[in-house]
Amino acid sequence: MLKGKGVSRGIGLGNVVVLKKVERKIEKKTIENEQVEHELERLHKALNEVINETEIQLKNISGTESDIMQAYLMILQDPSLISETENAIKNDKYNAEYAVEVGFNSVVQIFQNMDDEYMASRAGDILDIKNRVLGKMLNEKTIDLSNLKPNTIIVATELTTSETAKLDLKNISGIITEIGGENSHTSIMARTHAIPAITGIENATSIFKNNDNVAIDGTLGEIYVNPTEEEKQKLLTLQKQLEEEKLELEKYKNEETKTIDGTKVKLYANIGILKDVEVAIKNTAEGIGLFRSEFLYMDSDTMPTEKSQFEVYKNVAEMMQDKEVIIRTLDIGGDKELKYLKLEKEANPFLGFRAIRLSLDNLPLFKTQLRAILRASAFGKIEIMFPMISSIDELRQAKKVLEECKKELDDENIEYDKNIKVGIMIEIPSAALIADKLAKECDFFSIGTNDLIQYTVAVERGNERISKLYTKFHPSVIKLIKMAIDGAHSANIICGMCGEAAGDKLYIPLLIGLGLDEFSMNSNSLLNARKRINNLDKAECVKLSEEILQMSSAEEVEERLKEFKEN
Amino acid sequence: MVKEKVILKNETGLHARPAGELAKKAASFKCSIKLNVNGKTVDAKSILGIMAAGIKYNTEIEIECDGEDEKEALAEIVKDFNNNFGE
C-alpha cells in the first residue's frame, strides 16, 4: 500500500492511465538521394494525421476555440511552410524530423522577432503544431483526455488547468498526483466533482504503469496496487458507507439554510468552469458566491474576447435563474503563465503584480471583462467582485473604470443591469483593518480565507516546510475576519466568505457566531454545511465566538472548536 | 489586375482567427491575391504570410487581385475587411 495525502474523499477502483511528459531528441541526419521520396512521404503522413485529428476535434467544439483550431488547420496546410520543409529534405538532404525543425523554426523565428506582443506569442502556437507533427513521426502515443475508458485512474505529476478542463470526468474514478496541495486546482476540481484524489505520491508517474489495477481511498490517502479480494471488499464496504452518508444528506436538499433558532444564512457555491454550475445546482446552491473568471483566461491561447466571455457569463446567469452570481474579475499573477500576456516572473508573485493590480494597469483587458460582465447582467442577477483590494484607492479606481464601461454601453444602447452590485474580496490584512471604510463604498464583502491566512501569518500556501504555520485557527486570522464582518455590518452591507474555511464543519459554528451572512464553498460540501448550520443554535455560537476571541493560540482555538463539534 | 485600399479595423490586428478567415477566402478564388502593406507584399492565401506581416489596427492595406475571377475576389475580400472579419 502507498500512502499520500487524501485531498478529495471517496473510494475509486480502476485502471491507471499515466500522463507523462516525454523528452524528445531530434537527430540531425543526412540522407541519400534515394531516401528523399521516403522522407517526404513520412512528412506528409505525419501532417495528414495531425490534420485528421484536428478535424475530428473541430467537430466537438465551437466558438473561439473552434476558430483557433481552424487557424491551426490552415497553418498545417500553409503553402509557404510546407515548401520550406520540403526543401529541407529535397535540397539540404535532411531527415524528415530535422526538416520539420528547420522549416517550422524559420517561421517561429519570424514571429518571435516581431515587436507586437500578441504576434510574438503566436510563436508558441506554431511550436505546438510542430510538436504534434514530430510526435506523430516518432510514433509517440498521446492520450486523449476528453475520451477515456470507464473507471480510469489518472496518474500525473500535476494536472495543468487546461488538462483539467479537458478531462472526461464521467469516466474518471480517481486521480493520483506527485505534487499539489489541498487547494491546488486539481484538488478543488476533484472535490467539486466528487472524484477521489490523492496527492504527494513521489515518482508516481514512474511507479505506476498504464493499465495497473488500482484502488484508492481519497479520505485516508491510501492506494492499493493490484488489490487483493479482501482489500477490495474493505473498500467497497467503505464506499457503500459513504454513499449512505450521501443519501442521508439528500434530505437537506429541500431545506432552507437556517439555524435552529431561525437565523437564515446564504449557502452559495464556488465555481470555475461551466461544468461546475450543474454540480452546484444539483447540490442546491442558493447562488454562486465566487465565479473564478481566471479559468476563461487560462484555458485560452488568445485573450478571451468580450463576446466569448459574455456568452459564458450569460450562460451561468441563465442557468442560475435569477439567483445571485458573483463574478470575480481576473485574479492572476506571475505564478501562472498566460501565453498571450507576458507576465514577468517575480521573486514574490503573491506579493506582486497580480489580480486587481494587473487589471488596473491593463485597462483594455479590464474593460473587456467588465463590459462582458455588464452585458451578461441583463440576463440574470450578476454581481461584480474585485480581488486583492488592499486600499480604498484601488476600489475607487476600479469603480471608476466600471462607470466608464457603463457609459460606453449607454452610448451604444446596450442593455445591462443599472443597479449591478459591486463588492470586494477581503483577503489582505490591510483591507480587513479598514473594512468599515471600504464598506461605505461598496455593496458587499467576501472574505478569501486562503489568501487572508497566507498574508496574515506570512506563510506561502504551497511551502511544505512551513505548512504547519498556515492555519485558519490563528487568533489573528479570526480577529481580521471579525473586523471584516463588523465593518460590513456597520455600513449595512453583507459579508460572505468564499475560502475553503466556509465549508469546514469545525469552523462553521465560529463563523455563525461572528455573524457571517453568506457561506460560499465547493459544491460538494454544500449539503454537509447545510446539515451543520441547521443543527446549530445562534446564541450558543455567539458565546463560542466570544470565548474564542479571548484565546491566544491556534492550538487552543482548534481544540475548543473540536470540543464544540462533539457537543 | 484590380486593386483597392482598405484600413484594418480589428483592434487586435490581423491575428490568427481573422488571418485564417482571410486566407481561406483567398484560397477559394483562382486569381492570385496579394496584400501590399508597410512596403511589403504578402500572399493572402498563406495564413502564416498574413500573420507574419504583423498588420496592426488602423493600418492601410492594398489588396491586389490578378486572374480570371479577380473582380469577384476583390469585392468579397474588401467586404470581409469592412465587416472586421466578424469581430
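Which whole number gives the average count of other chain Cβ atoms within 10 Å of the Cβ atoms across peptide A:77-84?
Mean partner shielding for this stretch: 4.
I want to check the label-to-label distance for A:VAL401 and B:ASP80. Put each point 7 Å from Cα in the C-beta direction and report it in nm to one decimal.
Computed distance between label sites A:VAL401 and B:ASP80 equals 3.4 nm.
Could you list, in their original order, any pairs among A:LYS264/A:LYS538; B:LYS5/B:LYS56; A:LYS25/A:LYS45 whose Cα atoms are separated by more than 18 Å?
As for pairs spanning more than 18 Å Cα to Cα, those are A:LYS25/A:LYS45.
Sticking to Cα atoms, compute the Rg of region A:98-232 to one decimal and its Dmax as the biggest Cα-Cα distance, whole number, in Å.
Reported Rg and Dmax, both Å: 19.1, 64.
Peptide B:13-20: average number of partner chain Cβ atoms within 10 Å per residue?
6
In nm, what is the difference between 0.36 nm times the number of residues separating A:ASN348 and A:GLU34 and their Cα-Cα distance?
Here the segment from A:ASN348 to A:GLU34 would lengthen by 107.3 nm.
Roughly how many nanometres apart are two label points built 7 Å out from the Cα toward the Cβ at A:GLU41 and B:ALA27?
With each label placed 7 Å out from Cα toward Cβ, I get 2.5 nm.
Give me the distance in nm between label points sitting 7 Å out from Cα along the Cα-to-Cβ direction at A:GLU243 and A:VAL542, one decimal.
Spacing of the two 7 Å Cα→Cβ label points: 4.5 nm.
Can you give the percent of C-alpha pairs in region B:2-86 whose distance is more than 14 Å?
Tail fraction, whole percent: 56.
For peptide B:43-56, compute the average count of partner chain beta-carbon atoms within 10 Å of each residue's beta-carbon.
6
How much length would be gained if the chain were fully extended between A:ASN226 and A:ASN203, taking 0.36 nm per residue of separation minus their Cα-Cα distance, in nm to one decimal?
6.5 nm
Using alpha carbons only, how many degrees (0 to 90, rounded to 10) separate the axis of helix A:554-566 from the longest principal axis of chain A?
The helix A:554-566 is inclined about 70 degrees to chain A.
For a protection proxy built on the mean count of beta-carbon atoms within 10 angstrom, sort A:302-309, A:187-194 highest first, please.
Working: A:302-309: 19.8, A:187-194: 23.8.
Ranked from most to least packed, the peptides come out as A:187-194, A:302-309.
Could you state the per residue volume, in Å³, of the convex hull enclosing the Cα atoms of region A:265-566?
127
Over the alpha-carbon set of the protein assembly as shown, divide Rg by the Kirkwood Rh and report the Rg/Rh ratio to two decimals.
Ratio of gyration radius to Kirkwood radius: 1.01.
May I ask for the percentage of alpha-carbon pairs in region A:221-353 that lie more than 24 Å from each other?
Tail fraction, whole percent: 55.
Each value in this text was obtained by applying a stated rule to the coordinates, not by laboratory testing. Quick caveat: nothing in here was measured; it's all calculated off a predicted structure. Glycine also receives a Cβ, built like all others from the backbone with ideal geometry; neighbour counts cover every protein chain displayed.
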